[in-house]
Amino acid sequence: MAHEIDGIKFEQRHGKARVRVGRVWKSENGRHSFTEWNVSISLLSDCLPAYFQGDNSNIVATDTMKNTVYAKAKECSEQLSMEDFAIGLGKHFTSFYKQVATAIIKIVEKPWERIYIDGQPHKHGFKLGSEKHTAEVIVKKSGDLMVTSGIEGLALLKTTKSGFEGFIRDEYTVLPETRERMLATEVTGFWRYSYESLPGLPAKPLYFSDRYLDVKKVLVDTFFGPPKEGVYSPSVQRTLYEMAEAVLGRFPDISSIQLKMPNIHFLPVNLSNKDNVIIKFDDDVFLPTDEPHGTIEASLSRMRSKI
Ligand SMILES: O=c1[nH]c(=O)c2[nH]c(=O)[nH]c2[nH]1
């Protein structure tokens, strides 16, 4: 919401960032489910007198927003996806307060996973995994909404079936062409769902949680290819495209996807002194690096159907 005052454009929002909440659900048979969320709320609301005159009468206190997270977590008697939790919060803020036009809710889930002991799922034990599920939901007073889910820190590596050839060579180029290299990345991705209003949303409480796992599987399967033979990657760019395309091809309710895939380099180790070659690289000994790294990113969006 932009306002113009004395030739100055003014925009504002306020919220509470990094509200941490843990929630346990206990079922009759003694099986517990657990989730830990880090919730950030941002409200677009009509509270201009707070800025212009110091009048707080239209302000939803950020402390109240924080308390609302815990109150709504308590109210959720059944386990639900973090997207649905975010939608519920957004619905609350936009319908309860006449001042609030839009709520933007972001959640990052801590990757607690059920522990397996001797191959058996533990009823109440969890361990921390690696990659994180993220969500951003925008809810408007009208009931219009936008749901974007994501993944952060999905570290993938393969030791062969990767190469890089045919790129521009000029006076500064030293990189040799290769059809045999390591490929390592840490995928960050966001995908937007096509649901645009509250009534059209899937009813299943864990729909978006299941979708997250499905999307992750498609990304991983496409990166690696079949377990025995794998799949050749001619570049990070091509592999990224194949991964994004597979997600759009597989899930009709995902309308766009953005992927960032740094190319994390493993450098060949060659060592020699003036008399001897100590190590001659044979695709075996590497120097792992963090930086610098390549940055490859792209987004694919379905075009609106031409009617
Ligand atoms: O897959 C790659 N894409 C690049 O754009 C690039 N550039 C580079 O030096 N190595 C690589 N590898």
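Nothing in this text is a laboratory measurement; each read-out follows from the coordinates by a stated rule. From a predicted model like this one, the values you see are computed outputs, not experimental measurements. Note: ideal-geometry Cβ built from the backbone for every residue, glycine included; neighbour counts use all protein chains shown.
Assorted remarks:
- Of the listed requirements (1) under 32 Å from the mean Cα position of the chain (by Cα); (2) in a loop (DSSP other than H, G, I, E, B); (3) closer than 20 Å to residue 163 by Cβ, residue 267 misses just one: (2).
- Among the residues of the range 23-82, just one is surrounded by 19 or more Cβ atoms within 10 Å (Cβ to Cβ) and of a type in the set (Phe, Trp, Tyr), namely 37.
- Test: residue in the range 185-207 that is among the charged types (D, E, K, R) and not in a loop (DSSP other than H, G, I, E, B): yes
- Residue that is farthest from residue 208 (Cα to Cα) [pool: residues in the range 128-150 that are in contact with an Asp or Glu (Cβ under 6 Å, 6 or more places away or on another chain) and without any contact (Cβ under 8 Å) to a residue 40 or more places away in the chain]: 129
- Output for the range 31-56, where each listed residue is among the polar types (S, T, N, Q) and touching a Phe, Trp or Tyr at 6+ places or on another chain (Cβ under 8 Å): 33, 35, 45
Rundown of residues vs (1) surrounded by 14 or more Cβ atoms within 10 Å (Cβ to Cβ); (2) under 16 Å from residue 297 (Cβ atoms); (3) over 19 Å from the mean Cα position of the chain (by Cα); (4) more than 12 Å from the ligand (Cβ to nearest atom), yes/no style:
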{"residue": "172", "(1), (2), (3), (4)": "no, no, yes, no"}
{"residue": "176", "(1), (2), (3), (4)": "no, no, yes, no"}
{"residue": "219", "(1), (2), (3), (4)": "yes, yes, no, yes"}
{"residue": "229", "(1), (2), (3), (4)": "no, no, yes, yes"}
{"residue": "255", "(1), (2), (3), (4)": "yes, no, no, yes"}
{"residue": "259", "(1), (2), (3), (4)": "yes, yes, no, yes"}
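- Single residue of the range 146-170 satisfying the filter (within 12 Å of the ligand (Cβ to nearest atom) and not in a loop (DSSP other than H, G, I, E, B)) that is nearest to residue 40 (Cα to Cα): 162
- Taken over the range 112-145, the residue count meeting the criterion of being exposed (fewer than 15 other Cβ atoms within 10 Å of the Cβ), part of a strand (DSSP E or B) and of a type outside the set (Val, Ile, Thr) is 11.
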